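Let me begin by presenting the structure, written as structure tokens, before commenting on it.
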Amino acid sequence: MNENGIGARVRRKEDKRFITGRGNYTDDINRHGQTHAVFLRSPHAHARIVSIDTKAAMAAGAVAVLTGKDVADAGINGLPCGWLIHNKDGSPMKEPGHPVIALDRVRHVGDIVAMVIAESKNQAKDLAELVEVDYEVLPAAVNAVEALKPGAPQVHDDVEGNLCYDWHLGEKDPVDAAFAQAAHVTKLDVYNNRLAPNAMEPRAAIGEYDRATGEHTLYTTSQNPHVIRLLMGAFVLGLPEHKLRVVSPDVGGGFGSKIFHYAEEAAVTWAAKVVGRPIKWNSDRSEAFISDAQGRDHHTHAELALDNDGKFLGFRVSTTANMGAYLSTFSTSIPTYLYATLLAGLYATPAIYAEVKAAFTNTVPVDAYRGAGRPEACFVVESIVDKAARETGRDPAALRKLNLIPASAMPYQTPVALQYDSGDFVKNIDDALKVIDYDGFPARCDASKKKGMLRGIGLSSYIEACGIAPSTVAGALGARAGLYESAEVRVHPTGSVTVFTGSHSHGQGHETTFAQIVCERLGVPIENVEVVHGDTGKIPFGMGTYGSRSLAVGGVALHNSLEKVIAKGRKIAAHMMEAAETDVEFKDGHYRVAGTDKELAFGAIALQAYVPHNFPHDELEPGLDETSFYDPKNFTYPNGCHICEVEIDPDTGVTRIERFVAVDDFGNIINPMIVEGQVHGGIMQGIGQALCEDCIYDESGQLLTGSYMDYCMPKADMVPFYEVGTNVVPCTHNALGVKGAGEAGTIGAAAAVINAIRHATGVGDIQMPATSQRVWQAINASAAQAAE
Amino acid sequence: MPTVSMTVNGRKMSGECEERTLLVSFLRETLGLTGTHVGCDTSQCGACCVHVNGDSVKSCTLLAVQADGAEITTIEGVANGEELHAIQEAFRDNHGLQCGFCTPGMIMSALDLLKHNANPSETEIRHHLEGNLCRCTGYHNIVKSIQAAAVAMGGAS
Ligand code: FES
Ligand code: FES
């Protein structure tokens, strides 16, 4: 094996610049003559804009103050939504306009009212205070369930009853029939709390316009610069792509929140031409809380039908999802195709039916946040399975194993549209149970009791659909674009290699992982490989990074390009060694003529490719530079089992995570060190949701947890070292056998933590986040009930 | 506008800024040292940690004028030329960073811990990191990195 090839724990190539302070994040970039923008945002959740007076700000020295009227006068369109959902009756969802700057009505706290441009950020902030906006405050719809009730305040005049769509998946009749025969029915109501993604780097954008060439450049903190170029260029600003370059340099974390096309990007790009100078904007953290798309926010009622032996017969789920005030780029697909399709979980439940209603409210738009729909699905499934075990007196691990889809059933068609290709779910659970010493739990529990503490253990088995997405499937499901990926492999004359990938790294380490794939296939040293991403001026069209897709889609595109390079090299080698192409084999970086001692190193072939003298022109072109676009055949299905063990102090309600074990199947692994890191970070985000994170809006639509003073971010002392392992079952339908690892931790973790707390306290309906206050109240309420 | 002078990473530097300019903005915008990051506006994330006269300080909690005449070390000054500091090596060896945004602050904060406690326990490390947020790593490999740095720097064995 190549020491830096597939499977090696290679230290990351990108690290040096980050540990020495030489990263290049958007806010580190400054353009000559740049101005600074501050966005004046609505302080009200819902209001009519009666008037805006910008005269004082202009008189005090603003470079420009632009409002919704300027945007409308410039003919700028609203921000588009990328996924069309159809209602049960086949009619399309409601898609109200989403203006770049609000025109006459604001619909959430943080909605943009004006853009103030000045010489410095401080000056722009001062001037923003001089802009006088007269609002007529309107009642706000905040909670999604309430928003759908008659008489609720209307968020958009053209969306009756605030209903974006009323959608369903699966067949209802077989499910009803299953429930009719059930020996036991378990019912569950859960609220999946709303989260703020909180990448540590706040969003930022710089717009620049070159009058001489007519070219626009946008530097932006994006996970997918090409998608931004397409959405902003074609749909919002009407700029041709060859005159628009989008650069996403180092990006400090995304977790979904930097997928979407945001208003600020369009605003700085457009206004840079208006004012004739570059414009920089960077978000404050408090601003991020009211302008970055948030995640989750599902209200769900679910019912599970079991027979006498504990076998699942049917499952029905009804969910109300909060879309917020406007449709963000991928928002509509999250509670439908990334949620309901995963409701089979890992179980062979024969009949499943899901209904999802999506509601507009006067809150920040909701869209993908790490896991995106799949954590919500996992939480519903794993909560109800645990509850069913408790109600029927079964061991939760045993009940799960009884109902798992066996490895022998692969490929397995679920009743909710997906076909799982591979996985050994029983082994995931068995391995995880062994690591945590499940059998030793009663003794540990006794030891905790002696100290006056409660102890609990909770399981969560998850599966996710990743590698987003097979374009035909995505298209059939309403995606307005296919979701393939591209990779170009440019071999240089001296044999070094530059990879241009449409994937984007904002912490995932592609510069290393992708280089490892090149090392493995071409046999070149890792120092001789450079991976370029994040600049539409350099890379071929690409869909970017989200949905754990970079390796499973972008990596496979890279693999395919490498195969083309090797094939072209073989032609050159055959020509140079005067052998038949079919006799030339490629191994360990050398082309050899089978059965002879003739060989040429890859580097020699590369040089010949660029300085040929006698290539047969009809058969062989010079150059060694290949591009592939890979469109997957199916989703990939990472899966695993997470087990959490907690100790709770009944006097304070404080939960301590004692152990956290994860056994995951990501298919083949390129760099185990990086994969473990992805799992660690994902688990922490799941634990954060379970224990402390919460976007809480009051009735008027004010976000009460709008800063790090109020929104509880998980910290280092909340967790022990995680114990992570893998159970590799290669993906059957891509050349690398990989499934993707980016979201798994977040998908599985929350349910494991909450199930452990439910187990420890004996309170079955503890909701997230299980803060110490909530846990204490639950313990005391159940004690009081028991005393009655 | 006042002129502020300080010794940054061993070099005398000065620049003009408004009185209200935060030290972090002065470092980033006036002096062009963009390794120090801004992750919040309530002094909680620690992305902006630097050393002021030898102590770890969140540079968003200090005005630049307050640091007039001070000795400042930022992440750019941790390595000795091309030779990385043991703690930088430790972060790289242990995959203590993903997106890298929190990393400068983590390193500056961890250096401060190791200065006062050459052999910290896991609990002490986790407690010390209370003022440093990381959204990527789940802290696991950051704690490992600091443990490894302690060993490399001659503390823990
Ligand atoms: S920027 Fe200083 S603590 Fe967050
Ligand atoms: S590495 Fe991304 S925030 Fe810590």
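The values are calculated or read from the model by the stated rules, or taken from the named source; none is laboratory data. Here the structure is a predicted model, which is why all the values come from computation and not from measurement. Please note: Cβ atoms are built from the backbone with ideal geometry, for glycine as well, and neighbour counts cover all protein chains shown.
For this structure, a couple of remarks:
- Out of A:Leu230, A:Leu218, one residue alone is modelled with pLDDT under 95, under 24 Å from A:Pro99 (Cβ atoms) and of a type outside the set (Phe, Trp, Tyr). It is A:Leu230.
- Meets criteria (outside the structural domain of A:Leu338 (by TED's automatic domain parsing), surrounded by fewer than 19 Cβ atoms within 10 Å (Cβ to Cβ), under 30 Å from A:Arg521 (Cβ atoms) and in contact (Cβ under 8 Å) with a residue 40 or more places away in the chain) for A:Arg9: yes
- Members of region B:59-84 found to be in contact with a strand residue (DSSP E or B) (Cβ under 9 Å, 6 or more places away or on another chain), farther than 22 Å from A:Val251 by Cα and either free of Cβ contacts under 8 Å to residues at least 40 places away in the same chain or within 16 Å of ligand 2 (Cβ to nearest atom) (or both), listed by number: B:Thr61
- Strands (runs of 3 or more DSSP E) fully within region A:260-377 that include at least 2 residues being of a type in the set (Gly, Ala, Ser): A:298-306, A:312-324, A:351-360.
- Residue that is farthest from the other protein chains (Cβ to nearest Cβ), among those in region B:67-110 that are within 16 Å of ligand 1 (Cβ to nearest atom) and in a loop (DSSP other than H, G, I, E, B): B:Thr74
- Strands (runs of 3 or more DSSP E) completely within region A:584-647 that count 2 or more residues being among the charged types (D, E, K, R): A:584-587, A:625-630
- Residue within region A:759-782 that is part of a helix (DSSP H, G or I), over 23 Å from A:Glu658 (Cβ atoms) and among the hydrophobic types (A, V, I, L, M, F, W, C) present: yes
- Residues (surrounded by fewer than 24 Cβ atoms within 10 Å (Cβ to Cβ) and among the acidic types (Asp, Glu)) located in region A:634-675: A:Glu647, A:Asp649, A:Asp651, A:Glu658
- Considering A:Gly75, A:Gly90, the condition of being over 30 Å from A:Ala140 (Cβ atoms) and in contact (Cβ under 8 Å) with a residue 60 or more places away in the chain is satisfied by A:Gly75 alone.
- Looking only at region B:39-51, residues that are away from ligand 2 (no atom under 13 Å from the Cβ) and either small (Gly, Ala, Ser) or surrounded by fewer than 24 Cβ atoms within 10 Å (Cβ to Cβ) (or both) come to 5 in all.
- Residue check for A:Phe235: farther than 23 Å from A:Ser550 by Cα and either among the aromatic types (Phe, Trp, Tyr) or within 16 Å of ligand 2 (Cβ to nearest atom) (or both): yes
- Any hit, region A:654-664, residues being at pLDDT 95 or above and over 21 Å from A:Ile457 (Cα atoms): no
- Qualifying residues in region B:9-54 (those that are touching an Asp or Glu at 6+ places or on another chain (Cβ under 8 Å), among the β-branched types (Val, Ile, Thr) and under 23 Å from B:Asn80 (Cα atoms)) - the one nearest to the other protein chains (Cβ to nearest Cβ): B:Thr34
- Within region A:454-496, the residues that satisfy the criterion of being buried (at least 24 other Cβ atoms within 10 Å of the Cβ) and assigned to a loop (DSSP other than H, G, I, E, B) are A:Glu464, A:Ala465, A:Gly467, A:Ile468, A:Ala469.
- Where B:Leu114 falls short, out of the listed (1) within 11 Å of chain A (Cβ to nearest Cβ); (2) away from ligand 1 (no atom under 16 Å from the Cβ): (1)
For every residue, the table says whether it meets (1) of a type in the set (D, E, K, R); (2) over 30 Å from A:Asp28 (Cβ atoms); (3) surrounded by fewer than 24 Cβ atoms within 10 Å (Cβ to Cβ).
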{"site": "A:Val275", "(1), (2), (3)": "no, no, yes"}
{"site": "A:Asn282", "(1), (2), (3)": "no, no, yes"}
{"site": "A:Arg296", "(1), (2), (3)": "yes, yes, no"}
{"site": "A:Asn308", "(1), (2), (3)": "no, yes, yes"}
{"site": "A:Lys311", "(1), (2), (3)": "yes, yes, yes"}
{"site": "A:Gly314", "(1), (2), (3)": "no, yes, no"}
{"site": "A:Leu346", "(1), (2), (3)": "no, yes, no"}
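- A:His156 vs. criteria at pLDDT below 95 and outside the structural domain of A:His504 (by TED's automatic domain parsing): no
- Checking the stated criteria, A:Tyr339 turns out to be closer than 23 Å to A:Gly82 by Cβ, under 18 Å from the mean Cα position of the chain (by Cα) and buried (at least 24 other Cβ atoms within 10 Å of the Cβ).
- The requirement of being within 11 Å of another protein chain (Cβ to nearest Cβ), outside any loop (DSSP other than H, G, I, E, B) and under 24 Å from B:Leu33 (Cα atoms) is satisfied by B:Ile142.
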